[in-house]
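The values are calculated or read from the model by the stated rules, or taken from the named source; none is laboratory data. Quick caveat, the model's predicted, so the values are computed rather than measured. Glycine also receives a Cβ, built like all others from the backbone with ideal geometry; neighbour counts cover every protein chain displayed.
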Amino acid sequence: MAVKDYIRDRFFPHIWCPGCGHGIVLNALLHAVDELALDRSSLCMVSGIGCSARISGYVGFHSMHTMHGRALACATGLKMARPSLNVFVPMGDGDATAIGGNHFIHACRRNIDITAIVLNNQIYGMTGGQYSPLSGPGILATTAPYRSIDAAFDIVNLAMGAGATFVARTTSFHVKEIADLLKKAVLHKGISVVEVMVQCPTYFGRKNKIGGPVEIMEYFREHTAPLGSKKLEENPELIPRGIFREETRPEYCEEYAAIVTRVRE
Amino acid sequence: MEAVTINRRWCKGCGICVAFCPKQALVLEQEKAECRPEKCIVCGMCELYCPDLAIVVDKSLKPKKAVKGVA
Amino acid sequence: MSAATTGKTPGKKAAVQAAEPEIRFVQGNEACVRGALYAGLKFFAGYPITPSTEIAEHLAELLPRKGGVFIQMEDEIASMCAVCGASLAGSKAMTATSGPGFSLKQEAIGYACMAEIPCVIVNVQRGGPSTGLPTKVAQGDVMQARWGTHGDHSIVVLTASSVQDIFEITVEGFNIAETYRTPVILLFDEVVGHMREKLVVPKQGELHVADRLYTEVKPGVNYHPYLPREDGRLPSSDFGGVHRYNVTGLFHDIFGFPTEHPDQVSKLIYHLVDKIENRAHLLARWKEYYLEDAEHVILSYGSPARSARHLVENRRSKGDRVGLIELQTIWPFPAQLVREKTAHAKNIFVAEMNMGQVTTLVKQAVVNPNRVFLVNRVDGVMLNPQDIGRVMRTIEGRGF
């Protein structure tokens, strides 16, 4: 099948701004799903609120557009009730690390078999460019006119600290890497967290005078390096990309099913 | 039949495909992407880069490598 | 013996078979658990909170044995969200909480209203506001149950005053939730939740159990998940089934996709409200005692209704023309029923453990609001028959 067969094409062109990184992630996700040839009736997209959350409306999956930050909690109920489902949860800065931060760490801790994709654009886009827990200090935003003084979360470290069993990072520049990592994430048994650094040219790029989508993506190319690469070894200040953790730990739905098998009347 | 199909209605003219095409085969014409087939090597990168899902590359039309002279 | 008649649709209780009935001595909270399982509960998500925790504890033990899912979530919000997710996958789903947790769940309760997700929320009430009186009884959440989540909507709220009634009203709660695809709130209180008394467990088939209505639309044919039938009901399709559709908390069209079109917005909000408000008469559950010739009518619900009943029986035995109406449906408020049942009463006493939340509704419903009096306690102590008796004597001009 083609990627086009997985979208609700009557809603295109989509609502995202020209050059928005979210479209690139959606694109890579659909390529990954297509290549894996998953059972279509098993595909679920559960999203929260914000630009990233609009992904759920565009895919021809079972789609649940929920509340801000609550997608992982809703997805946990869905997955527990029907473990055969393939559940994807795209999240923005707020969904994953602010209002939904608690749900994020607990989904990681439980190791429930959900593919969580964090679209990190360092800003709240849909509400018009306020700083987020991923902005970091020194950033200009509509709620940080004198530059942000808040430290940023490192999503990879946060997910690993919370116990996630598959943790990866890439950027919207590295399009093949996004699809590859997402394929591995889907096949991984347990929670998988894939951070994709994406551009918000409209609010982050413009406000911080970084430039348009191309300039931000070039920044990603120049300021990141693969884990284990010579480039990273020689330039430790670069942001590492790749798979940070891939380990086997009992998956939550399977552990629960084992209890049911043991005690069922 | 061209290898690269661009849906002009979906293209928002962001220029990402133009910037990152390894062969500079894409240009913006009236704020929409266009492919210059003579430069295109059908690598498929623009399909992956397009945030608007506006580009489809038919990889089956990838030019075969020239087979060295067989007598 | 009491002269109780019930407001339930007749014929629901089939003839009890001759076999020995299962009799248990349980708390109200456990009766709620057993009622939920009887109704086909398959999924429970919760977070511990006094005085509802026993519901989670019993379900943690019983649900896995029945092949259902029990999960203790990270917080109250997540519990309500998980219930929404599980219900969309086709499970009958429930959560249980008390005041502070009920406040936190309001966001997702609104989502369930908007997305028409069947689910049951138990609130075993304690004293509030805020952390309030964690281990003491109150009924201060009547208005919150109705209007706790933002925006216009409608919701069903049921209550009960005995362990047996908790069992039956819990089954009824699931039936209403599944039939009308709405959240149903079971608004119990600490006294009935923790009280132990006899429970005669109905046999399977003895109480009606309603299941979800599923669409007959074939795969590949357009299914309209949010196009109500003429009777207001929405045929479902589970996540994981053949129809892949969208669910959102935004105003949506018949496909479930967001819309801001004024016609579609208006249609949806009227549907959400009308599907419940137009059925107030069908959803009304109540019990009544000695109303026929009653000069003084007590209206009560939950644990104070037991004190009221005690008082009524006591005064009847002395020849006083006192009657009682015990509401089991609080929302939609059965205003017409209350008006009719109190039409000939000189005085109406509303016995409740709050500052008059139902009293306000009764005043709006009856012919003569000046004769409606609040009898309450808000000190964490159960309203007892003497409390009610003293107010009645004073109003009747017979001294304290």
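General remarks:
- Any hit, region A:109-124, residues being in a helix (DSSP H, G or I) and touching a residue at least 24 places away in the same chain (Cβ under 8 Å): yes
- Taken over region C:236-249, the residue count meeting the criterion of being touching a strand residue (DSSP E or B) at 6+ places or on another chain (Cβ under 6 Å), in a loop (DSSP other than H, G, I, E, B) and in contact (Cβ under 8 Å) with a residue 12 or more places away in the chain is 1.
- Tallying residues that are free of Cβ contacts under 8 Å to residues at least 40 places away in the same chain and surrounded by 19 or more Cβ atoms within 10 Å (Cβ to Cβ) within region C:129-167 yields 0.
- Helices (runs of 4 or more DSSP H) completely within region A:26-105 that count 2 or more residues being within 13 Å of the chain's Cα centre (by Cα), of a type outside the set (S, T, N, Q) and farther than 25 Å from A:T171 by Cα: none
- Of all the listed residues (A:A152, A:A159, A:A164), the sole one being in contact (Cβ under 8 Å) with a residue 24 or more places away in the chain and outside any loop (DSSP other than H, G, I, E, B) is A:A159.
- Test: residue in region A:67-75 that is closer than 22 Å to C:F70 by Cβ, of a type outside the set (A, V, I, L, M) and at pLDDT 95 or above: yes
- Just so you know, in region A:4-25 the residues that are aliphatic (A, V, I, L, M) and assigned to a helix (DSSP H, G or I) include one that is surrounded by the fewest Cβ atoms within 10 Å (Cβ to Cβ), and it is A:V25.
- Annotation: of all residues in region C:346-382 being free of Cβ contacts under 8 Å to residues at least 24 places away in the same chain and under 20 Å from the mean Cα position of the chain (by Cα), the one that is surrounded by the fewest Cβ atoms within 10 Å (Cβ to Cβ) is C:T360.
- Residues of region C:87-104 classified as more than 11 Å from every other protein chain (Cβ to nearest Cβ) and either in a helix (DSSP H, G or I) or aliphatic (A, V, I, L, M) (or both), total: 8
- Once region C:199-231 is narrowed to residues that are in contact with an Asp or Glu (Cβ under 7 Å, 6 or more places away or on another chain) and away from every other protein chain (no Cβ under 14 Å), the residue that is surrounded by the fewest Cβ atoms within 10 Å (Cβ to Cβ) is C:D211.
Condition check ((1) buried (at least 16 other Cβ atoms within 10 Å of the Cβ); (2) assigned to a loop (DSSP other than H, G, I, E, B); (3) modelled with pLDDT of 95 or more) across all residues:
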| position | (1), (2), (3) |
| --- | --- |
| C:G256 | yes, yes, yes |
| C:E260 | no, yes, yes |
| C:V265 | no, no, yes |
| C:L268 | yes, no, yes |
| C:L272 | yes, no, yes |
| C:L282 | no, no, yes |
| C:K287 | yes, no, yes |
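- Members of region C:59-76 that are within 7 Å of another protein chain (Cβ to nearest Cβ) and assigned to a helix (DSSP H, G or I): C:P64, C:R65
- Residue within region C:27-41 that is within 14 Å of chain A (Cβ to nearest Cβ), at pLDDT 95 or above and on the phi > 0 side of the Ramachandran plot present: yes
- Residue match in region C:22-39 (condition: assigned to a loop (DSSP other than H, G, I, E, B) and surrounded by 24 or more Cβ atoms within 10 Å (Cβ to Cβ)): yes
- Within region B:11-47, the set of residues being of a type outside the set (A, V, I, L, M), crowded, with 18+ Cβ neighbours inside 10 Å and at negative phi comprises B:C11, B:K12, B:C14, B:C17, B:F20, B:C21, B:C35, B:C40, B:C46, B:E47.
The rows are residues; the columns are (1) within 14 Å of chain B (Cβ to nearest Cβ); (2) under 16 Å from A:V196 (Cβ atoms); (3) modelled with pLDDT of 95 or more.
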site	(1), (2), (3)
A:S52	yes, yes, yes
A:V89	no, yes, yes
A:A98	no, no, yes
A:H103	no, no, yes
A:V118	no, yes, yes
A:Y124	no, no, yes
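- Taken over region C:171-225, the residue count meeting the criterion of being in a loop (DSSP other than H, G, I, E, B), closer than 30 Å to C:I254 by Cβ and of a type in the set (A, V, I, L, M, F, W, C) is 5.
- Test result for C:G193, under 25 Å from the mean Cα position of the chain (by Cα) and of a type in the set (G, A, S): yes
- Given (1) assigned to a helix (DSSP H, G or I); (2) touching a helix residue (DSSP H, G or I) at 6+ places or on another chain (Cβ under 6 Å); (3) closer than 22 Å to A:A96 by Cβ; (4) not hydroxyl-bearing (S, T, Y), number of the condition C:E107 does not satisfy: (2)
- Checked against the criterion of being more than 10 Å from every other protein chain (Cβ to nearest Cβ) and touching a helix residue (DSSP H, G or I) at 6+ places or on another chain (Cβ under 7 Å), the candidates A:A37, A:A32, A:A81, A:A71 yield just one match: A:A32.
- Meets criteria (surrounded by 22 or more Cβ atoms within 10 Å (Cβ to Cβ), within 7 Å of chain A (Cβ to nearest Cβ) and part of a helix (DSSP H, G or I)) for C:A56: no
- Which listed residue, of A:L134, A:L181, A:L232, is part of a helix (DSSP H, G or I) and buried (at least 22 other Cβ atoms within 10 Å of the Cβ): A:L181
- Per the listing A:G205, A:G242, A:G212, the residue uniquely surrounded by 15 or more Cβ atoms within 10 Å (Cβ to Cβ) and at pLDDT below 95 is A:G205.
- Residue pairs meeting the criteria (Cβ under 7 Å; at least 6 apart or on separate chains; first closer than 13 Å to C:V33 by Cα, in region C:54-72; second polar (S, T, N, Q)): C:E54/C:Q27; C:E54/C:N29; C:I55/C:N29; C:A56/C:Q72
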